[in-house]
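The values are calculated or read from the model by the stated rules, or taken from the named source; none is laboratory data. Quick caveat: nothing in here was measured; it's all calculated off a predicted structure. In this analysis, Cβ positions are derived from the backbone assuming ideal geometry, glycine residues included, and neighbour counts consider all displayed protein chains. These accessible areas exclude ligands, DNA and RNA; they are computed on the full protein's heavy atoms, side chains included. Shrake-Rupley method; radii C 1.70, N 1.55, O 1.52, S 1.80 Å.
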Amino acid sequence: MTDPNRPYPLLINGEWIETPERFPVLDKFSGEAFAHVCQASPELADRAIELAAAALDAGPPPPHARAEVLYAASRLIEGYRERLVEAMVSEAGFTTIDAGTEVSRAKLTLELSAETAKYFAGHVVPFGAHPGSENRIGFTVRDPIGVVCAITPFNSPLNTVLHKVGPSFAAGNPTLLKPSSLTPVTANIMGELLVEAGMPAGFLHIVHGPGALGETLLKNQTVAFYTFTGSTRVGRIIQSHAGLRRTQMELGSIASTIVCEDADLSVAIPKIANAGLRKAGQVCTSVQRLYVQDSVYDEVLEGLVKAAGTLVAGDPRNSETKVGPLISLEAAKRGEEWIKSAVAAGATLRCGGTRNGRVIEPAILTDVPETEHAWCNEAFAPLIVLRRFSDFEEAINGANDTPFGLAAGVFTSDMQRAMIAIKRLRFGTVQINETSSARADVMPFGGVKESGFGKEGPSYAAEEMSIERLIVLNP
C-alpha cells in the first residue's frame, strides 16, 4: 500500500535522492493527499542532464544489452502490477479495469521497445541507380541523438511514459523524465522496475516539480531532443525554446467519428460509448464529435443513451465503476459548466451531465451550437456530442473544421466512402470501422496541424530519437 508519510524521491544517476522541498499528490476521488513527492531544484535538474550526457559520452550499452534490460522489465512488470494499479487508481482516478489495462499495454510496449533495440539499424543505399556510382557501396547508420527530455501527461502515467523512455533507450539515448506533477507516483514505481531490470545508472533520471522546473529543462542546451505529450499551448512554449533541436509533439485534439447509414451499429455503438466515455473522457482521441447520418441518427442516439446509462460513475475502487473522477475538481467544474452552457444555448442533454465532486455522469448532447465549448474545444470530460448529416461530404468537412488533426474514425460498409475518408480526412490517424480512439501500441501514432508532429510507437519513436548518417565506400 502507498505510505502517505513516505516521500517519493528523485532518481538521479541510479540513486534515489530525497529533497526537503515536497508537494502532495491528491487522490483524485477523495481529494485527500495520499502521497508526497520530492521536488527537484533547478540545480539538481541541470546536474541530472550533465550526468546523462556523461553517460552517453562513455558509450551506451550495445543493442543486445539494451534489449535485455527492456525484456527483463517486461518480465518483471507483473510483480509490480498491484502497486501500479493502486497508484493509478489513486493519482489518476483510473478504474481498476483501466489501470490493469494500462499495465498490460505497458508490458507490450516494453517488449516492442526491446525488439526495436535489437533490430534498430539503417539501410543500404542503391548506388547502382546512379550512372558512374555502380561500384560504390553505401549504407546508413543510426546513432543516439543525445540526451532526451521526456515531459509526460497525467492521463496515461505509465504507458505514455514508456512510449518515450523505452524507444529512447532502445536507440541508445539517456533520458531525463519529468512526469506530470498530478501523477508522479506511477513514474517512480516504473523507475524502480527499470532499475531492477538493469537500467544503467546514467540512462534514466526522474525529476519532479511544477511548470517552473520545465522551464529549467527547456533552457538547458545540453538536451538534444524533447518528446512531449500535452496541450498545444505548452507545445508552443517547448518549441520556442527548442530552436533547431528536434522535438516530437503530441498535442491537443478534437476527435471526430462518423457513422454512416450502412454501418454495423451493433459494433459501432458500444465502441463509440467506450471510446467517448472511458477514463472519464480524458483521452486525447476520445470521441467528442459524433457525426451520424440522418437515417440511423435516432437509432444511434437511443443506443448511446442506453449504453451511457449502464456506465456507473463514481469511486474508481468500486468494481462496478466504469467512469471515475476527472483529474481535478477544477476540471470537473469546467466540464459541468460547458455542459450547462451548451444547454443554455439551445442544446439538449439526453442523459448524464450531473457532477458529484470530481465525477461527472456520462453525458450525451445533441443540437450543440458550433460556438459552444463542448463543440469547438477539447472537452477532456465524459461527454459525446451528436450531429446529423445527410451528405457524407458534409461530415468530412465538419470533422476537418478544427485546428487539430490527431485521429478520426469512420463506420461504413461502403468502400467508396472509406476511400473518400482516407483521402480527405486531415488527421494523423484515420480508422475505418473503428472509432478515433482505437490504438495499438505497435502502430505509428501522431497528429497533423495543431495536434503536433512526429510519431510514437516504439520503432517509429526510436527513429525520431536518433541521427541517421550516411557511410559511402568509394572504389
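Here is a list: PHE169, PHE139. Which entry is in contact with a Gly (Cβ under 9 Å, 6 or more places away or on another chain) and aromatic (Phe, Trp, Tyr)? Don't jump to the end; show me each part of the working.
Working: PHE169 fails: in contact with a Gly (Cβ under 9 Å, 6 or more places away or on another chain).
Criteria check complete, one pass: PHE139.
I'd like the residue in the stretch 103-118 that is open to solvent by 20 Å² or more (accessible area, probe 1.4 Å) and touching a residue at least 40 places away in the same chain (Cβ under 8 Å) and, out of all such residues, is farthest from SER74 (Cα to Cα). Write out each step before concluding.
Taking the stretch 103-118 and keeping what is open to solvent by 20 Å² or more (accessible area, probe 1.4 Å), we get 104-105, 107-108, 111-112, 115, 118.
Applying the additional criterion that residues be touching a residue at least 40 places away in the same chain (Cβ under 8 Å) yields 105, 108, 111-112, 115, 118.
Values: ARG105: 10, LEU108: 7, GLU111: 6, LEU112: 10, GLU115: 12, LYS118: 15 Å.
Among them, the one singled out is LYS118.
Would it be correct to say that MET199 is closer than 28 Å to ILE327 by Cα and hydrophobic (A, V, I, L, M, F, W, C)? Explain how you work it out, then say what you get.
Working: closer than 28 Å to ILE327 by Cα: no; hydrophobic (A, V, I, L, M, F, W, C): yes.
Criteria not met by MET199.
Taking the options PRO157, PRO167, PRO153, name whichever one is assigned to a loop (DSSP other than H, G, I, E, B), in contact with a helix residue (DSSP H, G or I) (Cβ under 8 Å, 6 or more places away or on another chain) and open to solvent by less than 10 Å² (accessible area, probe 1.4 Å). Write out each step before concluding.
Working: PRO167 fails: assigned to a loop (DSSP other than H, G, I, E, B); PRO153 fails: open to solvent by less than 10 Å² (accessible area, probe 1.4 Å).
Within the list PRO157, PRO167, PRO153, the selection yields PRO157.
Hey, can you tell me all the residues within the stretch 200-234 that are out of contact with any Gly (no Cβ under 6 Å at 6 or more places or on another chain), open to solvent by 20 Å² or more (accessible area, probe 1.4 Å) and of a type outside the set (Asp, Glu)?
PRO200, PRO210, GLY211, ALA212, THR216, LYS219, ASN220, GLN221, THR222, GLY230, ARG233, VAL234
Criterion first (within 30 Å of GLY138 (Cβ to Cβ) and at pLDDT 95 or above) does MET419 satisfy it?
Details: within 30 Å of GLY138 (Cβ to Cβ): no; at pLDDT 95 or above: yes.
Criteria not met by MET419.
For the stretch 382-414, which residues satisfy the criterion of being aliphatic (A, V, I, L, M) and in contact with a strand residue (DSSP E or B) (Cβ under 6 Å, 6 or more places away or on another chain)? Outline the logic, then answer.
The initial filter retains those residues of the stretch 382-414 that are aliphatic (A, V, I, L, M), namely 383-386, 395-396, 399, 406-408, 410.
Hits for the stretch 382-414 are LEU383, ILE384, VAL385, LEU386, ALA395, ALA399, ALA407, ALA408, VAL410.
In this structure, does ALA87 turn out to be of a type in the set (A, V, I, L, M, F, W, C) and closer than 21 Å to ALA33 by Cβ? Step through it out loud before you land on a result.
Values: of a type in the set (A, V, I, L, M, F, W, C): yes; closer than 21 Å to ALA33 by Cβ: yes.
So ALA87 fits the description; yes.
Going through the stretch 395-443 one residue at a time, which ones are in contact (Cβ under 8 Å) with a residue 12 or more places away in the chain and charged (D, E, K, R)? Spell out how you get there, then give the answer.
The first filter runs over the stretch 395-443 and keeps only residues in contact (Cβ under 8 Å) with a residue 12 or more places away in the chain, leaving 395-396, 398-400, 402-414, 417-418, 420-421, 424-439, 441-443.
Result: ASP414, ARG417, ARG424, ARG426, GLU434, ARG439, ASP441.
Consider GLU134 against the criteria (1) farther than 18 Å from THR229 by Cβ; (2) touching a residue at least 12 places away in the same chain (Cβ under 8 Å); (3) in contact with a helix residue (DSSP H, G or I) (Cβ under 7 Å, 6 or more places away or on another chain): it satisfies all of them except one. Which criterion is unmet?
(2)
I want to confirm something. Restricting to the stretch 298-325 and keeping residues that are open to solvent by less than 10 Å² (accessible area, probe 1.4 Å) and part of a helix (DSSP H, G or I), which single residue is nearest to ASN155 (Cα to Cα)?
This residue is ALA308.
For the stretch 346-382, enumerate the residues that are under 25 Å from PHE29 (Cα atoms) and basic (Lys, Arg).
Hits for the stretch 346-382 are ARG355, ARG358.
Would you point out which residue out of GLU82, GLU68, GLU86 is within 30 Å of LEU470 (Cα to Cα) and open to solvent by 40 Å² or more (accessible area, probe 1.4 Å)? First the steps, then the outcome.
On the way: GLU82 fails: within 30 Å of LEU470 (Cα to Cα); GLU86 fails: within 30 Å of LEU470 (Cα to Cα).
Exactly one residue qualifies, and that residue is GLU68.
Condition first: closer than 30 Å to THR216 by Cα and aliphatic (A, V, I, L, M). Now tell me which residues in the stretch 136-151 satisfy that.
Step one: filter the stretch 136-151 for residues closer than 30 Å to THR216 by Cα, giving 142-151.
Passing the criteria: ILE145, VAL147, VAL148, ALA150, ILE151.
Give the residues of the stretch 14-32 that are open to solvent by less than 60 Å² (accessible area, probe 1.4 Å) and in contact (Cβ under 8 Å) with a residue 40 or more places away in the chain, sorted by residue number.
GLY14, PHE23, VAL25, ASP27, LYS28, GLY31
List the strands (runs of 3 or more DSSP E) inside the stretch 1-114, counting only whole elements, that have at least 1 residues being over 18 Å from GLY191 (Cα atoms). Reasoning before the result, please.
Values: elements: 10-12, 15-17, 22-26, 33-38.
It comes to 22-26, 33-38.
Are any of the residues in the stretch 352-364 within 18 Å of THR435 (Cβ to Cβ) and in contact with a Cys (Cβ under 6 Å, 6 or more places away or on another chain)?
Our first condition is that a residue be within 18 Å of THR435 (Cβ to Cβ); within the stretch 352-364, this holds for 362-364.
Applying the additional criterion that residues be in contact with a Cys (Cβ under 6 Å, 6 or more places away or on another chain) yields 364.
Looking through the stretch 352-364, at least one residue is within 18 Å of THR435 (Cβ to Cβ) and in contact with a Cys (Cβ under 6 Å, 6 or more places away or on another chain).
Do you know which residues across the stretch 449-475 are out of contact with any Leu (no Cβ under 6 Å at 6 or more places or on another chain), within 17 Å of GLU111 (Cβ to Cβ) and not in a strand (DSSP E or B)?
GLY457, SER459, TYR460, ALA461, ALA462, listed by residue number.
GLY346 versus (1) open to solvent by 30 Å² or more (accessible area, probe 1.4 Å); (2) touching a Pro at 6+ places or on another chain (Cβ under 7 Å); (3) in a helix (DSSP H, G or I): which is the lone unmet condition?
The number of the failed condition is (3).
If a residue counts only when it is surrounded by fewer than 14 Cβ atoms within 10 Å (Cβ to Cβ) and not hydroxyl-bearing (Ser, Thr, Tyr), which helices (runs of 4 or more DSSP H) contained entirely in the stretch 354-448 have at least 1 such residues? Quick ask: steps written out before the conclusion?
Values: elements: 373-376, 392-400, 415-424.
By residue number, 392-400, 415-424.
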